[in-house]
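*Asks:* I am attaching a structure below and will ask some questions about it afterwards.
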Amino acid sequence: MGFGIMFIGCCFMLLGAFTTFAPFTYVLGSAIVMYSLKELIRQNKVFFITLVITSLEFIASMAYMFIYVLSSNQALINTMSLVLSISNVVFCALALTSIYLLAKQVELPSIQTKVIITYILMVIYIICVLLLNVFFRESEFAMSRLSLIIFISQILYSIMVLVTIANSYIRICYEDDKNMDKKTGNTPLDFLNDKLNYAMTPREKKDLEKNKNDKGDKKE
């Protein structure tokens, strides 16, 4: 499924933003996420809007990379950095919404809870950014405190996004996957997948168990 590929792309998009290679990690990450979303859309259309936004973010990140490399205009570089930061938040919100709807369909409240927690961290981040840039630009004390909160909340919501996607990869599968043998651990996510069951609704799990018992009775 596309969640494993999305996880890799989001690592570049989210955690790469904390490094000096952010312009390049945005491009690489958004390209990988676009590919993963194309795979996910084949199974569920809830990811379509997320794909559209990610495509726009990919175009913006390409422009940011060229400006970063070729231009010495720091104001323009800072503006593009802000645009990419905003688009990252929008992407995360849409991706989480899509995952929430999908988790609701397959009755996985634990993933829905993770999405809600991530929403709260994102709201804290957005409010602090607005306060810093609109109301407290002249206060050094407020700026230092808010900057710390922004940094911490950004790290936390980035980690929670990755955790949610990883859990989606491990626990959500579609009808054509449910009767497949479990994957062998070729990657860290596959290794975790070996330790957990594929996601099914409680009724589907009962039906599957009943079918197994019926087959066992017939053999006897």
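*Asks:* Work out from phi, with θ = phi - 60° and the Karplus expression 6.51 cos²θ - 1.76 cosθ + 1.60, the ³J(HN,Hα) of each residue of region 88-94, listed in order in whole Hz, and give x for Gly and Pro.
*Replies:* For region 88-94, the Karplus curve yields 5, 5, 4, 4, 4, 4, 5 Hz.
*Asks:* Write down the accessible area per residue of region 1-115 in Å², having rolled a 1.4 Å probe over the full set of protein chains. Before the final figure, lay out the partial values.
*Replies:* Numbers: 5410 Å² over 115 residues.
Counting only protein heavy atoms, the per-residue value for region 1-115 is 47 Å².
*Asks:* While we're looking at this one, here's another question. Wrap a convex hull around the Cα atoms of region 49-93, take a quarter of its surface area, and give that in square nanometres.
*Replies:* On the way: hull surface 11.0 nm².
Hull-based average projected area comes out at 2.7 nm².
*Asks:* Can you list residues whose amide H is under 5 Å from I172's amide H, if they're 5+ apart or on another chain and H is modeled 1.01 Å from N?
*Replies:* A199
*Asks:* Between I117 and S144, what FRET efficiency comes out of the Förster formula 1/(1 + (r/R0)^6) with R0 = 22 Å and r the beta carbon distance, rounded to 0.05?
*Replies:* Values: r = 27 Å, r/R0 = 1.21.
Computed FRET efficiency for S144 and I117: 0.25.
*Asks:* Debye calculation, C-alpha points only, no solvent: report log10 I(q)/I(0) for region 66-149 at q = 0.21 Å⁻¹, in the same order as the q values.
*Replies:* At q = 0.21 Å⁻¹ the computed log10 ratios are -0.99.
*Asks:* Another question about this same structure. Mind ranking 106-115, 92-101 by how tightly packed they are, going by the mean number of other C-beta atoms within 10 angstrom, highest first?
*Replies:* Values: 106-115: 17.2, 92-101: 21.3.
Packing proxy ranking, top to bottom: 92-101, 106-115.
*Asks:* With a ≥ b ≥ c the root eigenvalues of the C-alpha gyration tensor of region 1-157, is it rounded (a/c under 1.5), prolate (a/b larger than b/c) or oblate?
*Replies:* On the way: a/c = 2.49, a/b = 1.30, b/c = 1.92.
It comes out oblate by the Cα gyration axes.
*Asks:* To the nearest 20 debye, what charge dipole does region 42-150 have about its Cα centre, counting +1 at the Cβ of each Lys and Arg and -1 at the Cβ of each Asp and Glu?
*Replies:* On the way: 6 positive and 4 negative charges, 62 e Å.
For this selection, approximately 300 debye.
*Asks:* With 21 Å as the cut-off, how large is the P(r) tail for region 109-173, expressed as percent of Cα-Cα pairs? Write down the numbers at each step before the final one.
*Replies:* Working: 737 of 2080 pairs.
Tail fraction, whole percent: 35.
*Asks:* Using only Cα atoms, what Kirkwood radius does region 4-87 have, in angstroms? Before the final figure, lay out each step's value.
*Replies:* Working: mean 1/r = 0.0770 Å⁻¹.
By the Kirkwood definition, the hydrodynamic radius is 13.0 Å.
*Asks:* Something else about it: Whenever you get a sec, compute what percent of the accessible area on region 4-130 sits on carbon and sulfur atoms (1.4 Å probe).
*Replies:* Of the solvent-accessible surface of region 4-130, carbon and sulfur hold 75 percent.
*Asks:* If you add up the charges near T164, with Lys and Arg at +1 and Asp and Glu at -1, over every other residue whose beta carbon is less than 15 angstrom from its beta carbon, what do you get? All intermediate terms of the calculation are to be shown ahead of the outcome.
*Replies:* On the way: positive: K104, K114, R171; negative: none.
Once all neighbours under 15 Å are counted, the net charge is +3.
The values are calculated or read from the model by the stated rules, or taken from the named source; none is laboratory data. Not measured: the values here are computed from a predicted model. A quick note on method: Cβ atoms are made from the backbone with ideal geometry, for glycine too, and the neighbour counts reach across all protein chains shown. Each accessible area value is taken on the protein alone, full model and side chains, heavy atoms only, with ligands, DNA and RNA left out. Shrake-Rupley method; radii C 1.70, N 1.55, O 1.52, S 1.80 Å.
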